[in-house]
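Comments concern the structure below.
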Amino acid sequence: MDSGQQKTSSDIPRLAQADLEQCQNWLPVRDQDSHKGSNGRVLIEGGEQSMAGAVCLAGWSAYIAGAGLVRVATTPGNVTAITSCRPELLVSGISVAHQLKQLFQQVDVIALGPGLGQTKWSNQIFEFCLEHGEPGIIDADGLNLLAQSPEKRQDWILSPHPGEAARLLHCDVHDIQADRIAAAREIVSLYGGLCVLKGRESLIISDDESWICPYGNAALAVAGTGDVLTGLMAGLLAQGMNRHQAAVASVVLHAKAAEYYTADNGAIGMLASDLMLPLRQLRNGYNL
């Protein structure tokens with residue numbers, strides 16, 4: 001990232017401020033005669049070794065978003081733990097990457113990366129998904145692997161925190177934080193699609209739209225909250241929302257859920273799973 005390059009005013013996009021009520025108005029309404037297949041089908045890929053919790057949180061959150069059916073592809077050793085935690089998830093133990101091919105045919109949206117790791121298994125899953133699947137969202141270790149094997153696509157959402165953004169741009173976190181808008185735009189330029197740069201006042205940036213989220217607080221600075229956000233985006237995409245609205249709405253609902261939780265309980269000690277109840281209420285149109 002060239003932090004020394006001067007930018008003119010025409011280079012800097014106007015940031016639209018995301019609004020909770022507007023985002024709630026975008027959310028899909030469930031038909032009374034709908035069934036699980038008509039409400040969107042999601043596949044979460046990840047959960048290497050000790051990171052079963054990441055895909056469990058992402059899958060749970062996709063259901064909170066309104067998805068009708070959520071599958072998880074993970075290492076065989078994690079199947080029992082995930083199923084015990086959230087029996088609603090359809091969990092497949094993947095020993096070799098080609099086992100994913102059948103799952104790709106059974107879903108509408110693929111989210112790649114929560115708890116994926118960077119092992120030989122992780123690399124095989126990542127490469128197979130990019131070659132044979134169409135990942136709608138890449139997060140977490142999926143982004144770290146993408147940084148090692150860059151590819152550009154226009155139809156995905158990349159959702160890095162500042163550390164992952166720095167790896168994508170081969171620079172330091174300080175460079176990212178010094179000009180977050182420029183960093184997000186450069187990620188879009190190099191990798192395509194839409195970038196959700198997480199952090200204080202999260203950014204949602206693409207070639208043609210730029211948004212900033214005014215909500216959220218430091219309670220989100222805990223493991224697992226990013227996985228919850230990934231699941232939200234996947235669940236909304238699976239219900240037919242476009243990438244921009246799904247990303248903006250997910251960021252806003254996620255941030256507001258943290259505000260609502262901490263208003264009653266304080267900012268320290270919140271767990272990622274504590275977001276689920278206020279998220280469900282926000283998803284159903286309540287403004288708490």
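Within the stretch 166-199, being within 16 Å of the chain's Cα centre (by Cα) and under 16 Å from residue 213 (Cβ atoms) holds for 184, 194, 195, 196, 197, 198, 199. Considering each of 207, 264 in turn, give the residue that is outside any strand (DSSP E or B) and farther than 18 Å from residue 160 by Cα. Selected residue: 264, the only one of 207, 264 that is outside any strand (DSSP E or B) and farther than 18 Å from residue 160 by Cα.
Residue-by-condition table, conditions (1) surrounded by fewer than 21 Cβ atoms within 10 Å (Cβ to Cβ); (2) over 22 Å from residue 130 (Cβ atoms); (3) free of Cβ contacts under 8 Å to residues at least 60 places away in the same chain; (4) of a type in the set (S, T, N, Q):
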site	(1), (2), (3), (4)
46	no, no, no, no
54	no, no, no, no
80	yes, yes, yes, yes
89	no, yes, yes, no
92	yes, no, yes, yes
96	yes, no, yes, no
99	yes, no, yes, yes
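Restricted to the stretch 267-276, and to residues that are in a loop (DSSP other than H, G, I, E, B) and touching a residue at least 40 places away in the same chain (Cβ under 8 Å), which residue is surrounded by the fewest Cβ atoms within 10 Å (Cβ to Cβ)?
Among those that are in a loop (DSSP other than H, G, I, E, B) and touching a residue at least 40 places away in the same chain (Cβ under 8 Å), it is 268.
The C-beta contact set for the stretch 105-120 (first residue of a type in the set (D, E, K, R), second residue in a strand (DSSP E or B), distance under 6 angstrom, 6+ apart or interchain) comprises 108/41.
The set of residues from the stretch 118-156 being closer than 20 Å to residue 43 by Cα and of a type in the set (Ser, Thr, Tyr) comprises just one member, 122. The set of residues from the stretch 149-189 being in a loop (DSSP other than H, G, I, E, B) and within 24 Å of residue 234 (Cα to Cα) comprises 149, 150, 151, 152, 153, 154, 155, 156, 159, 160, 161. Candidates are the residues of the stretch 162-182 that are surrounded by 15 or more Cβ atoms within 10 Å (Cβ to Cβ) and among the acidic types (Asp, Glu); the one that is farthest from residue 194 (Cα to Cα) is 175. For first residues located in the stretch 28-40 and surrounded by fewer than 11 Cβ atoms within 10 Å (Cβ to Cβ), partners that are in a helix (DSSP H, G or I) and lie 6+ apart or on another chain with Cβ distances below 9 Å form the pairs 31/38; 31/39.
Only one entry of 37, 59 meets the criterion of being at pLDDT below 95 and part of a helix (DSSP H, G or I), and that entry is 37. Filter the stretch 224-266 down to residues that are without any contact (Cβ under 8 Å) to a residue 60 or more places away in the chain, under 19 Å from residue 140 (Cβ atoms) and not hydrophobic (A, V, I, L, M, F, W, C) and give me whichever is surrounded by the most Cβ atoms within 10 Å (Cβ to Cβ). My answer is 254.
The values are calculated or read from the model by the stated rules, or taken from the named source; none is laboratory data. Keep in mind that this is a model prediction, so the values were computed, not measured. Reconstructed Cβ throughout: ideal geometry from the backbone, glycine too, with neighbour counts over all protein chains shown.
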